[in-house]
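Report on one structure; see the data block that follows.
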Amino acid sequence: MVRWGSYFDDYWYSLKSNLVEFPIHIIVVYINVYYLIPKFILRKKYLTYIGYLVLMLILVYLVRTGFNYLLVSKEIWPEAEEAGKFLETNHVIAVVLGELYVLGFVTAIKLLIDWPLELRRNEDLAKLQLSTELKFLRTQIQPHFFFNTLNNLYALTLKKSEDAPRLVIKLSDLMQYVLYEVKGSKASLLEEINHLNNYIDIEHIRFKDRIELEMDITGDIEDVEVPPLLFLTFVENCFKHGLKDNDIIKINMSFEVVAKAYLEFKLTNNFNPNTDIELRKGIGIKNTERRLKLLFANNFVLKSTIEDNLYSLFLKIPVR
C-alpha cells in the first residue's frame, strides 16, 4: 500500500484499492491451495485445473473491476498513463498477471512449508505400514509352528511316551523366545541358532535316530543380527514335507559371514519326490520372501533348487 501510494502519490487511493483487492486475493489463494490443487493437480487432472483457473481469473477480473468502480474510483484504470476501459485487453492482462503473481507467490510459499511436513508424514506412514505388515507375517509364522509342535506332543501323549515331558520343556523355551523375547526387527544370530537347535531337539524326540544333521558356522557371528525367526521356516520344512516311514532325514546347514557385510545361509535336505512341489513351498516360504523384500528391498538373494531328491536353499542377506 505504501509503495503504490508513494509511486502514484495517492495514498488514499492506494488504501481503498488494497482494501478491495486483498480480500479477493485471499479468497482466490485459499480456493487454489485448498480446493483446486488437491482436487485436480494431485489427481493429475491438469486440463480441468487450467479450466477452473481461467474461470476463476475471469470472475476475479469482473468482481475486482466492479468493486473498484463502485467503491474506489470511477476511472477503470487510474494507474495507467491513459484512461483505461472495461474489458480493454491491456487492462485485462494487467489484472490477470497481477492475480497470477499473487497466486503463484503465496502458493509457492505454502507448498515449500508443507512439502517437508508431507514428506515426513509419508515416511512415518511407510514405516508404520512396514512394521504392521512384518508383525502380521510373523503372527502367521508363530501359530503355524506351534500347531505342528503341539501335534507332535499329542502323538507322544497318545503313546504315553516318556519323551512327552521333555518336549513340553523344549516347547516352553521356544514359546518364551518367540512370544516374549523376540520383539524388534532384529535378533542375535547366536540366539537364533540356539533356538534352531532347540527346535531340532524337539524333532529328535519325534524321529529318534532318524535325523542326521551337520551344521557349519564360519566367521565371527557374535555381533551379527538377523530378522527373528527367519531360518525356522526353512528348517521346519526339512521335517514337514513328504518323508516316508523310516526315512533318514539328512540335513546339511551352514552359516557364513562374508566380509563382515553379508550372511550366507545354505541348507540341503532330502525329501520324498512324490510330494507336490507347491505343497513343499508352503505359506512359510512365501511369508519369508515377503519379509525379506520388506526389510531389504532387492538387497538379498533367496533361491532354491531340487536335484536328485535333494532340496537346496541359498540365502544371502546384509548384516549390520
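The values are calculated or read from the model by the stated rules, or taken from the named source; none is laboratory data. Keep in mind the model is a prediction, meaning the values are calculated, not measured. Note that each Cβ is placed from the backbone with ideal geometry, even for glycine, and that neighbours are counted across all protein chains shown.
Observations on the structure shown:
- Single residue of segment 237-248 satisfying the filter (assigned to a loop (DSSP other than H, G, I, E, B) and hydrophobic (A, V, I, L, M, F, W, C)) that is modelled with the highest pLDDT: I248
- Taking each residue of segment 24-38 that is more than 14 Å from R64 (Cβ to Cβ) and looking for partners that are of a type in the set (D, E, K, R) with beta-carbon atoms closer than 7 Å, six or more apart or interchain, yields V33/K110.
For (1) surrounded by 13 or more Cβ atoms within 10 Å (Cβ to Cβ); (2) at pLDDT 80 or above, each residue gets a yes or a no:
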position: L19; (1), (2): yes, no
position: I31; (1), (2): yes, yes
position: I37; (1), (2): yes, yes
position: K44; (1), (2): no, yes
position: Y49; (1), (2): yes, yes
position: L53; (1), (2): yes, yes
position: L71; (1), (2): no, no
position: L103; (1), (2): yes, yes
position: V106; (1), (2): yes, yes
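- Selection status of R166, modelled with pLDDT of 70 or more, closer than 17 Å to F207 by Cβ and either among the basic types (K, R) or outside the structural domain of Y199 (by TED's automatic domain parsing) (or both): yes
- Taking segment 203-236 as the range and being at pLDDT below 85 and in contact with a Ser or Thr (Cβ under 6 Å, 6 or more places away or on another chain) as the test, only T233 passes.
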